[in-house]
Structure formats: structure tokens, C-alpha cells
Amino acid sequence: MTGPVLAVDQGTSGTKALVICPERGVIGSGTAPVRTRNLPGGRVEADPRELLGSVTDAGRRALADAGEPVVAVGLANQGETVLAWDPATGEPLTDAIIWQDKRAESVCAGLAPHAEELRRATGLPVDPYFAAPKMAWIRRHLTREGVVTTSDSWLVHRLTGGAAFVTDAATAGRTQLLGLDEAAWSARALELYGLAGERLPRVVDAAGPVAGTRAFGAEVPLTGLLVDQQAALLAQGALEPGAAKCTYGTGAFLLAQTGGRPRRGDSGLVSCVAWRLGGRTSYCLDGQVYTAASAVRWLTGLGVIAGPGDLDRVGATAPDTGGVTFVPSLAGLAAPWWRGDVRGSVTGLGLDTTAGHLVRALCEGIAAQVVELAGAAERDLGTPLGALRVDGGLTRSALLMQTQADLLQRPVEVSALPDATALGVGALARLGLDPRLPLPAVVPAWRPSAVYEPRVSAGEAAGRMGAFRAAVAALLERTP
């Protein structure tokens, strides 16, 4: 069956939907905002109904913009966001606990003796970032009723009128409840988290018929499901081992393809499912920076800049950071440190420090964390990464992208195709309609809109990275 597909990316701060035609490309788009609540104690929540409303609103706006019907729908999700809900009525029983939320630290602390066992079984460290600690926290503190799942299972249930209770293998892999090697629920992990009696969604491939949905108008099949960062990895054409991408959104997420077997290294990266297609699992290494665009929003809230579009203008008022070092761990340090308790820091301030210095230091702090992730991926893979393919809203900042190339000491290629996550899940929706298609045939052709080459010497880059690492070491020492 040919014709356009509707691809929906349900994200942290909003939902983006595209209508994608195999011949003409993107022919319609729509967006809808999502309000998250940042509360004391590292809590981050959203109203589940708002998540669902954003999906239907963005999808309908994209369809109206295209003015054409679609033949299938694909849905990408936030990954580690969870909620409890009633499977009989579909009504939420709790708010959605967003992936950035830290309230499950106590759950993780209690599992410290089993941390290595869980990492070996699931590929993930014990950290409140992942879904299982949040799920266990809900069961201990909020409700024992209904089911507790990642947000995708609830969204699919509602979109299909209760016809489907599923999650794709990559999203299931973000819980720390999925056995990495077999890509199936782990009885041992469920036992350790106190979730052994839970009713869990069926784990399905990323492409294939799930159920029909009338949420966007006439009934069409839902045929593509994938967690957001893996969808972007697919859209970036990272199909061969060693290919890597980084998405700069609310956080920054570097993924490197490892092929048909997981890599369990000791660098601090996560080993997880990239996608499962036709019953065959592909794996990737995954590293996270918790605050990227969210750090820019924080600087905006202080009045230093007017918004992300101001980074280059204000940054251009200073030739360098002026000796300022910014570790933007405003929601903790993720990979490779896994210290969610660490706060951010700005050091080297003086009476001559300007807004331009602060902006450059922020860009350097984000880029330096990505360099650490790339280095960890190279150690686990045992081979150097090539050029880094990047996407996401912050790639519009030439200052950030040039800083990234300088510190990384290799080219940074900015995707010419915006909305990589939606494009990736759109490709899966098409593949779900016709599984005979080869994967490269449904993935958008890769082309960069800009390539940033390093402009500084390796020695200068090493010196700047050394200053950042020293600042991180000082933070870790002050937070035992």
C-alpha cells in the first residue's frame, strides 16, 4: 500500500507530527505544546491527558496542513516517562513522571547491592532516569491499582480504543526490566524491583500492524513504534556498527550502532536495544546529557539571553569563555558518571565576566559532555567514530556546533532534515505496511545542511577539555 503516513513524535516539551509522502517528502506538519512541572526535590511531572491531547492535536494539524489522507501512523515516545492507569477505562491514575524526575533515588539506593547484576542482565545502570525505579516508586508511594507502564503503552491503548497493550522492544529496554540478550521481560529484574506481579505490555517489533486508530479521523493502522532517540538514530542512517549520532533537544543524546549483539563495556555508557525488526534485534550504545536545551532555558530565565536563537548573537560579543567554566549538570550528571545527585557549577567568574562569556561557557559545557560520551563509545567499540551526525533544535546554533567540532576534533554534520525522530518513526510506519521493503529503502537519504570542521589545534582542545574535567572532578569530590 502506498501513500503518505502520519509520524508523531511525542516529546518532553511538545509533540511534533509530520505527514510524509514517499515521493514528495514532508507535505504537512503540526505541533502542540506540553507543559511539564518542575517541582522541589527534583520532581518533574506532566498531565497524561495533556500528552495524549498533544498527540491528537499535532496529528490533526499535520493532516489539515497536508490536505491528504494517510495510510498508516507511527508513534515515537519519550522512553523513560511512566504513569499508572486503569486498563479497563484507560483513565490515568497518576501524573506522568517525566524521564528527568529524580524521586526514585531511594529505590535505586536500596538496589545498590544488585546494581551489577541488573547492569549485566539489562545493560542499564541503576539510576532514577530509567523507568523501573519510577514504576517501583509509584507502586510504593502512590497506588497499587491498575497497571504501571511507560507512556507509550498508555498512549497506544488510548489511540486504539483499548485494542492494544504493547510496547516496542527498544522502549521496553529503557525500563531496566528487559533482558538485553533475549529482548524479553526479565523475571529476575522484576523480582528485584518488587514488580513481579505486574501485568506488562506485550513486547513487539518496531514495525508491524498493532491496531487501528480513529484518533486522527478515518481509521488507519498504527504500524510504527519506537523510542525517540532510537528513531533519530534510524533517521540519521546509522545502520552499520560504529555509526553515531547526537540529538540536541531538552537533553543531548549520543547513540552509536553496534549491530546484532550488545556491547557491555565499562566506560559508563548504556547498552540497549536500537530496534527489533522481523524478530531480529539490533543494539546500540547510548549516552545522555540531561540538560542541553533545558540549560539554555535556564539561562533564558535568568535574563542572560532572550532564548535559544540568542546564543550566537550574545556569544559573538566575547572571543572566548574568559576563563569561565560551566558544568551544566542542572539535573545531575548522566553517562559516563551516573551521578544524578551532582549539581551544576559556574567557576572562574570575575568583574569582567559578560553575558557572552557565560553563553560560550554553556556551549562549551554541553559540547564537552558530548565529547566524553563519544570517547566512551570509542572505548567500548574498540574503534574510532567517524564524523558525528547531529540533529535537534540546538543544532541551529553555529556557536554550539563549532564548539562541538573544536572539542571533538572531528567533523560535525548537521542533518538537513529537521525532526529526525518523527522521520525515523515515519520510516517504520511505512515498513510496517510492507515488511518486504529493505530498511535502507525507507530511511530518508542522508545529507548534511552544514559541516563544521575543527578550527582549533588538538592541543587547545585538550586544554579546554582538561579544564572541564577538572571542574567535574571538583564537583564529584564535593558531592560524596
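Do the sum for the chain: with -39,500 (n - 2.57) for every DSSP H run of n ≥ 4, divided by all residues, what is the mean residue ellipticity at 222 nm, to the nearest 500 deg cm²/dmol?
On the way: 15 runs with 162 residues, N = 480.
Mean residue ellipticity at 222 nm (helix-derived): -10000 deg cm²/dmol.
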Reach of LYS102 by Cα under 15 Å, taken over aspartates and glutamates that are not fewer than 8 positions away in the same chain: GLU45, GLU80, ASP127, ASP341
May I ask you to list the lysines whose Cα is less than 25 Å away from that of LYS245, ignoring any residue fewer than eight positions away on the same chain? LYS16
May I ask for the angle, rounded to the nearest 10°, between helix 48-66 and the longest principal axis of the chain, with both axes built from Cα atoms and the value confined to 0 to 90°? 80
Treat the range 292-358 as a sphere of radius equal to its Kirkwood radius over Cα pairs and apply Stokes-Einstein at 25 °C in a medium of 0.890 mPa s; give the translational diffusion coefficient in µm²/s, rounded to a whole number. 191
Distance histogram for the range 5-236 (every C-alpha pair counted, 5 angstrom bins, percent rounded to whole numbers): 1, 7, 15, 19, 20, 16, 11, 6, 3, 1, 0, 0
Rg followed by Dmax, in Å, when the range 78-147 is reduced to its Cα trace: 12.7, 39
0 to 90° range, to nearest 10: angle between helix 355-381 axis and the chain longest Cα axis: 60
Counting only other residues whose beta carbon sits under 11 Å from that of TYR248, what net charge do I get with K and R as +1, D and E as -1? +1
Give the whole-number value, in cubic angstrom per residue, of the convex hull volume spanned by the C-alpha atoms of the range 196-259. 170
Computed over all unlike Cα pairs, the Kirkwood hydrodynamic radius of the range 220-357 in Å stands at 17.3
Going by Cα centres, the range 1-57 and the range 252-299 are how many Å apart? 21
So how many Å³ per residue does the convex hull of the Cα atoms of the range 157-215 work out to? 87
Counting only DSSP beta bridges with both residues in the range 5-236, what percent are antiparallel, rounded to the nearest 5? 70
Estimated distance in nm for a label pair at LEU239 and ARG188, the labels positioned 7 Å out from Cα along Cα-to-Cβ: 3.5
How many percent of DSSP beta bridges within the chain run antiparallel, rounded to 5? 75
Does anyone have the angle between helix 420-433 and the longest principal axis of the chain? Alpha-carbon axes, 0 to 90°, nearest 10? 20
Using the Cα centre of the chain as the reference point, and only Cβ charges (+1 on K/R, -1 on D/E), how large is the resulting charge dipole? Debye, rounded to the nearest 20. 220
Order these peptides, 5-18, 106-119, by their mean beta-carbon neighbour count within 10 angstrom, highest first. 5-18, 106-119
Linear extension gain, LEU39 paired with ASP65, 0.36 nm per residue minus alpha-carbon span: 5.7 nm
Take the Cα atoms of the range 83-198, find their three principal axes, and give me the spread along each one in whole Å, biggest first. 41, 31, 25
With no solvent and one point on each alpha carbon, what is the Debye value of log10 I(q)/I(0) for the chain at q = 0.08, 0.09, 0.10, 0.11 Å⁻¹? -0.44, -0.56, -0.70, -0.85
Taking a ≥ b ≥ c as the square roots of the Cα gyration tensor eigenvalues, with a/c under 1.5 meaning rounded and otherwise prolate when a/b beats b/c or oblate if not, the range 167-301 comes out rounded
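Any read-out appearing in this document is the output of simple, stated calculations on the displayed coordinates, not a laboratory observation. Nothing here was measured: the structure is a model prediction, and the numbers come from that model. Note: ideal-geometry Cβ built from the backbone for every residue, glycine included; neighbour counts use all protein chains shown.
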